[in-house]
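Here the structure comes first, spelled out in structure tokens, and everything after it is commentary.
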Amino acid sequence: MIKGESVQSRRFEAVNEILKKYNYKPQKLIAVLQEVQEIYRYLPEEVLMYVATSMSLTPSRIFGVVTFYENFSLDPKGKYIIRVCDGTACHVRHSEPLLSAIRQRLQLKEGQTTTPDLMFSLETVACLGACVVAPVVSINGEIYGHMTPEKIVSIIDELSRREEHVLN
């Protein structure tokens, strides 16, 4: 890294590459935002302002798109996104104890959805489309069926161990 260069400036280089890839075309805004979100795991306001300026769009246009589509997030997300289905089939097969076990294991306070280390985020969804194996949890898109509080805590522990191993 060049002296004085920050992680933030290197990330803006990646944003510039994305903008160039789509030729700064406003009709490619959603694709640009999707790729930017892959870098940051959410859409920081300062990056959105930069994208708006670079693409000759108003900030309100950018924020309108970001807040309209559910897949975009203005809040930081964890490396592992845990989605607990709370649709009818999962709910009657006890998805609520799964949520409680996850919150307790990750030490998430009321209203908090992401761990401070940005390792895990917890979301509740209406349906994951796997009702036959309810209750269901997905982690980064991988479906885990017939879930129990003990099983989900074990999976989280394994992911945590993997991450610790990578860091050491």
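Points to keep in mind about this one:
- Qualifying residue in the range 155-162 (condition: open to solvent by 70 Å² or more (accessible area, probe 1.4 Å), modelled with pLDDT under 95 and part of a helix (DSSP H, G or I)): yes
- In the range 104-124, the residues that are of a type in the set (A, V, I, L, M) and either more than 10 Å from P76 (Cα to Cα) or part of a strand (DSSP E or B) (or both): L106, L108, M119, L122
- Qualifying residue in the range 135-145 (condition: open to solvent by less than 40 Å² (accessible area, probe 1.4 Å), in contact (Cβ under 8 Å) with a residue 12 or more places away in the chain, assigned to a helix (DSSP H, G or I) and among the aliphatic types (A, V, I, L, M)): no
- Evaluation of K77 against (1) without any contact (Cβ under 8 Å) to a residue 24 or more places away in the chain; (2) closer than 27 Å to G111 by Cβ; (3) within 16 Å of the chain's Cα centre (by Cα) (one fails), failing number: (1)
- Of the residues making up the range 72-100, those that are part of a helix (DSSP H, G or I) and out of contact with any Asp or Glu (no Cβ under 8 Å at 6 or more places or on another chain) number 8.
- Hey, G87 surrounded by 14 or more Cβ atoms within 10 Å (Cβ to Cβ), touching a residue at least 40 places away in the same chain (Cβ under 8 Å) and more than 20 Å from L159 (Cα to Cα) or not: yes
- Breaking point among (1) over 28 Å from R161 (Cα atoms); (2) in contact (Cβ under 8 Å) with a residue 12 or more places away in the chain, for S60: (2)
- Within the range 32-71, tally of residues that are open to solvent by 30 Å² or more (accessible area, probe 1.4 Å) and assigned to a helix (DSSP H, G or I): 18
- Residue within the range 90-97 that is over 30 Å from E45 (Cα atoms), surrounded by 18 or more Cβ atoms within 10 Å (Cβ to Cβ) and not charged (D, E, K, R) present: yes
- Selection from the range 1-34 of residues that are charged (D, E, K, R) and at pLDDT 95 or above: E17, K20, K21, K25, K28
- The C-beta contact set for the range 1-26 (first residue over 14 Å from V47 (Cβ atoms) and in a helix (DSSP H, G or I), second residue at pLDDT 95 or above and open to solvent by less than 90 Å² (accessible area, probe 1.4 Å), distance under 7 angstrom, 6+ apart or interchain) comprises P26/M55; P26/L57.
The values are calculated or read from the model by the stated rules, or taken from the named source; none is laboratory data. This is a predicted model, so every value here is computed, not measured. Ideal geometry is used to build each Cβ from the backbone, glycine not excepted, and the neighbour counts take in all protein chains shown. Accessible surface is based on the protein model in full, side chains and every heavy atom, while ligands, DNA and RNA are left aside. Shrake-Rupley method; radii C 1.70, N 1.55, O 1.52, S 1.80 Å.
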